[in-house]
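The values are calculated or read from the model by the stated rules, or taken from the named source; none is laboratory data. In this text, all values refer to a predicted model and were calculated from it rather than measured experimentally. Please note: Cβ atoms are built from the backbone with ideal geometry, for glycine as well, and neighbour counts cover all protein chains shown. Side chains are part of the model used for accessible areas, which takes the heavy atoms of the whole protein and leaves out ligands, DNA and RNA. Shrake-Rupley method; radii C 1.70, N 1.55, O 1.52, S 1.80 Å.
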Amino acid sequence: MEEKTPGQQLRDALLNQKKHGWDVVDETTEKAIFDYCEGYKTFLDKGKTERDCVDYAVELAQGLGFVPLERGMELQPGMKVYRVNRGRALNLAVVGSAPLDQGVSIAAAHIDSPRLDLKPTPLYEDSELAFLKTHYYGGIRKYQWVTIPLELRGVVAMKNGDLVHVSVGSHPGDPLFTIDDLLPHLGAEQSKKPLGEAIPAESLNVLVGSRPLKDDDGKDRVKLAVMKLLYEHYGIREADFISAEIEAVPAFNAVDIGFDRTLIGAYGQDDRVCGYAAFKALLDLEGVPCRTAVCVLADKEEIGSEGVSGMQSAFFETFVGDLCATQKVPLRVCLEKSFCLSADVTAAFDPQFADVYEKRNSAYVNYGIGLCKYTGARGKSGASDAGAEAVAYVRRLLDDKGVLWQMAELGATDKGGGGTVACYMANRNIDTLDAGVPVLSMHAPFEVTSKLDCYMTYAACKAVYEG
Ligand code: MN
Ligand code: MN
């Protein structure tokens, strides 16, 4: 080795020099990255809706000894508990050796993703084609959702209390669905429209059938024939759509991207990439953590974290409060000592659209988990803006565990912005920092992440739980 010049030594000592993740990781970590991502891809394929995510996560957790948290239960250090919120959100905890008045270590992610929900009266026929009307959920760019294969997943709540599960398109041999778009030959006028107006929301109608009912001369024979199939298969009638939550989601499964297989392309990575990281890190905790570790998988983040299953719901307080009650610790005492990593994705710098980023403060693919001191828009509007001390705490945690991380701002200051569950955790008097995987094409039907960044987010969640 040649001796470093004084300038190089000074550079090493004083400057924050980012290193490419693949130049840093050793062979063991490399293998761990690729292994971890196989489990992550399965999670994505099984969990294309928040309900599916909850079901799959509960199945995995139960297999590792997690039990439902019941009031009046005696909790011992090392015990693993969970509680499902109305089938759509999930909290889990591993009880630590420290009492709960020392606070809990939380990783909170969301498992809802942008998609097309069916409207309450969705099924109609026009020109002898049957369609389902949709209402988009979350921030989508509508033009991205036409002419791609879609599947339908969700539930129909029957008046008698039964819950009918609907899933068409995820099993081998299933039919798929799609939304049609104009052919270029007739698209001249449409092509002149701004991107955001070219596909109006009311044209996001899913094509579901074309064969009319035989030996019938009434109206809407194609619609009736589709309804007949649905009744035969699921026992549902048209009015049952009123109390249904059925989502049209991309039908393609998670795949490796790139000749070197270092990236993952899939639907719903915002924010199941952090949801899986937070969840898997909790499952993989070895021994008894010092502080109680809490994993939050929330719903409704994409529409403002509102509602009974969103992060603003008292479900979280009820869960942690029930834990605290077993030790007669007031909830407020626990929360004020707690720390939360708000695990949500950030925008990865995209060289195709460099002008909306600020390159010195953007997250880059393959540089590890992106820490976000603040989110929000323009003058940090809507951000919780973590305290410098909270950022220092996480820097230390991650550096001590050798987790690769970088700082991230979501785009250039005047270009836009976004929010996460961070402010709702911070409002509860919990020190909270945003952090997550940088994503290319965020909110598109097919989002791209780096396997290294996915793994480092898992490692970061684990570091937080281990304190
Ligand atoms: Mn998100
Ligand atoms: Mn989002």
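When region 101-142 is filtered for residues that are in contact with a Leu (Cβ under 6 Å, 6 or more places away or on another chain), open to solvent by 20 Å² or more (accessible area, probe 1.4 Å) and among the hydroxyl-bearing types (Ser, Thr, Tyr), only Tyr136 remains.
Total residues in region 420-451 satisfying the condition of being more than 16 Å from ligand 2 (Cβ to nearest atom) and open to solvent by 10 Å² or more (accessible area, probe 1.4 Å): the figure is 5.
Against the test of being on the phi < 0 side of the Ramachandran plot, β-branched (Val, Ile, Thr) and open to solvent by 50 Å² or more (accessible area, probe 1.4 Å), the options Val320, Val333, Val356 yield a single qualifying residue, Val356.
Restricting attention to region 306-317 and to residues that are touching a Lys or Arg at 6+ places or on another chain (Cβ under 6 Å) and open to solvent by less than 10 Å² (accessible area, probe 1.4 Å), the residue that is farthest from ligand 1 (Cβ to nearest atom) turns out to be Ser309.
Listed here are the residues, each with its yes/no results for (1) β-branched (Val, Ile, Thr); (2) out of contact with any helix residue (DSSP H, G or I) (no Cβ under 6 Å at 6 or more places or on another chain); (3) closer than 25 Å to Asp220 by Cα.
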position: Val95; (1), (2), (3): yes, yes, no
position: Ser105; (1), (2), (3): no, no, no
position: Leu118; (1), (2), (3): no, yes, yes
position: Phe131; (1), (2), (3): no, yes, yes
position: Ile140; (1), (2), (3): yes, yes, no
position: Tyr143; (1), (2), (3): no, no, no
position: Pro175; (1), (2), (3): no, yes, yes
position: Gly187; (1), (2), (3): no, yes, no
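Scanning region 103-116 for residues that are small (Gly, Ala, Ser), within 13 Å of ligand 1 (Cβ to nearest atom) and more than 26 Å from Glu202 (Cα to Cα) yields Ala108, Ala109. Entry remark, region 103-116: residues being farther than 22 Å from Ala314 by Cβ and assigned to a strand (DSSP E or B) number 2 in total.
Anything in region 144-167 that is more than 18 Å from Glu245 (Cα to Cα) and either touching an Asp or Glu at 6+ places or on another chain (Cβ under 7 Å) or away from ligand 2 (no atom under 16 Å from the Cβ) (or both)? List them, or say none. Correct list: Val146, Thr147, Ile148, Pro149.
Every condition in (1) open to solvent by 50 Å² or more (accessible area, probe 1.4 Å); (2) more than 16 Å from ligand 2 (Cβ to nearest atom); (3) within 15 Å of the chain's Cα centre (by Cα) holds for Asn253 except the one numbered (3).
Considering only region 390-398, I want to know if a residue exists there that is in contact with a strand residue (DSSP E or B) (Cβ under 9 Å, 6 or more places away or on another chain), over 28 Å from Ser97 (Cβ atoms) and surrounded by 20 or more Cβ atoms within 10 Å (Cβ to Cβ). Scanning region 390-398 turns up no residue that is in contact with a strand residue (DSSP E or B) (Cβ under 9 Å, 6 or more places away or on another chain), over 28 Å from Ser97 (Cβ atoms) and surrounded by 20 or more Cβ atoms within 10 Å (Cβ to Cβ).
Applying a threshold of 8 Å to beta carbon distances and a minimum spacing of six or more residues, or different chains, the list of pairs starting in region 181-195 at a residue that is surrounded by 10 or more Cβ atoms within 10 Å (Cβ to Cβ) and ending at one that is among the basic types (Lys, Arg) reads Leu195/Arg141. Of the residues that sit in region 283-305 and are of a type in the set (A, V, I, L, M), more than 16 Å from ligand 2 (Cβ to nearest atom) and out of contact with any strand residue (DSSP E or B) (no Cβ under 6 Å at 6 or more places or on another chain), which one is least open to solvent (accessible area, probe 1.4 Å)? It comes out as Leu283. Scanning region 426-446 for residues that are under 15 Å from the mean Cα position of the chain (by Cα), under 20 Å from Thr375 (Cα atoms) and not hydrophobic (A, V, I, L, M, F, W, C) yields Asp434, Gly436, Pro438, Ser441, His443. In region 369-389, the qualifying residues are those that are open to solvent by 50 Å² or more (accessible area, probe 1.4 Å) and free of Cβ contacts under 8 Å to residues at least 60 places away in the same chain, and the one that is farthest from Val356 (Cα to Cα) is Glu389.
Here region 326-348 is the region considered, the condition is being of a type in the set (A, V, I, L, M) and more than 16 Å from ligand 2 (Cβ to nearest atom), and the residue that is nearest to Glu358 (Cα to Cα) is Leu341. There is no residue in region 44-62 that is in a strand (DSSP E or B), under 28 Å from the mean Cα position of the chain (by Cα) and modelled with pLDDT of 95 or more. Residue under question is Lys48, and the condition is that it be open to solvent by 80 Å² or more (accessible area, probe 1.4 Å) and either in contact with a strand residue (DSSP E or B) (Cβ under 9 Å, 6 or more places away or on another chain) or small (Gly, Ala, Ser) (or both); does it hold? For Lys48, the condition - open to solvent by 80 Å² or more (accessible area, probe 1.4 Å) and either in contact with a strand residue (DSSP E or B) (Cβ under 9 Å, 6 or more places away or on another chain) or small (Gly, Ala, Ser) (or both) - is not met.
Filter region 125-143 for residues that are touching a strand residue (DSSP E or B) at 6+ places or on another chain (Cβ under 6 Å) and away from ligand 2 (no atom under 16 Å from the Cβ); which is nearest to Arg211 (Cα to Cα)? Out of the qualifying residues, it is Ala130.
Listed here are the residues, each with its yes/no results for (1) free of Cβ contacts under 8 Å to residues at least 24 places away in the same chain; (2) among the β-branched types (Val, Ile, Thr); (3) within 16 Å of ligand 1 (Cβ to nearest atom); (4) part of a strand (DSSP E or B).
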{"position": "Glu74", "(1), (2), (3), (4)": "no, no, no, no"}
{"position": "Val84", "(1), (2), (3), (4)": "no, yes, no, yes"}
{"position": "Asp101", "(1), (2), (3), (4)": "no, no, no, no"}
{"position": "Leu118", "(1), (2), (3), (4)": "no, no, no, yes"}
{"position": "Thr121", "(1), (2), (3), (4)": "no, yes, no, yes"}
{"position": "Phe131", "(1), (2), (3), (4)": "no, no, no, yes"}
{"position": "Gly154", "(1), (2), (3), (4)": "no, no, no, yes"}
{"position": "Gly161", "(1), (2), (3), (4)": "yes, no, no, no"}
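Which of the residues spanning region 339-359 are away from ligand 1 (no atom under 16 Å from the Cβ) and touching a strand residue (DSSP E or B) at 6+ places or on another chain (Cβ under 7 Å)? Phe339, Phe349, Asp350, listed by residue number.
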